[in-house]
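Okay, structure first, notes after.
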Amino acid sequence: MKYEITLRAKTTIRPGELYDHIAAAELAGVSVRRLLHYWRYAIIQPIRNTGRYGIFFDDGAIYTLRKAECLRREMRLNYSGIRAVLLLEDRIAGLDAEVRFLRK
């Protein structure tokens, strides 16, 4: 699958596009420093890390950033707590899909 790389910040998130770490932070409403903290704590993962040319994130990472920032602000969770909540949400969604499949 080819991704279009967007180097400048956009106001809307489009599926299939990649955003550099600065644009991703702006779209998620967080600082670049906080985005890098979320990456360090494995809350988000870049789609492409070229090292020299930057770190690129997709729309899913931006939505995860927004959700994580909401948990941090409203629930006052630390990075480990945010990661645990997001992992449990993913697990619940997977189990829910499995139950729907088995009921058919």
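The values are calculated or read from the model by the stated rules, or taken from the named source; none is laboratory data. Bear in mind that the values here come from a model prediction, so they are computed numbers and not experimental data. Cβ: placed from backbone, ideal geometry, glycine included. Neighbour counts: every protein chain shown.
Among residues belonging to the stretch 43-54 that are under 17 Å from ILE13 (Cβ atoms) and of a type in the set (A, V, I, L, M), point out the one that is surrounded by the most Cβ atoms within 10 Å (Cβ to Cβ). By that ranking, first place goes to ILE44. Looking across the stretch 32-81, the residues that are touching a strand residue (DSSP E or B) at 6+ places or on another chain (Cβ under 9 Å), assigned to a helix (DSSP H, G or I), of a type outside the set (D, E, K, R) and in contact (Cβ under 8 Å) with a residue 40 or more places away in the chain come down to ILE62, LEU65.
Pick out the one residue from ARG103, ARG73, ARG40 that is within 16 Å of the chain's Cα centre (by Cα) and surrounded by fewer than 17 Cβ atoms within 10 Å (Cβ to Cβ).
Details: ARG103 fails: within 16 Å of the chain's Cα centre (by Cα); ARG73 fails: within 16 Å of the chain's Cα centre (by Cα).
The unique qualifying residue is ARG40.
Candidates THR6, THR12: the one that is among the hydroxyl-bearing types (Ser, Thr, Tyr), surrounded by fewer than 14 Cβ atoms within 10 Å (Cβ to Cβ) and at pLDDT below 85 is THR12. When ASP90, ASP96 are checked against the criterion of being over 26 Å from GLU17 (Cβ atoms), charged (D, E, K, R) and at pLDDT 95 or above, ASP96 stands alone in meeting it.
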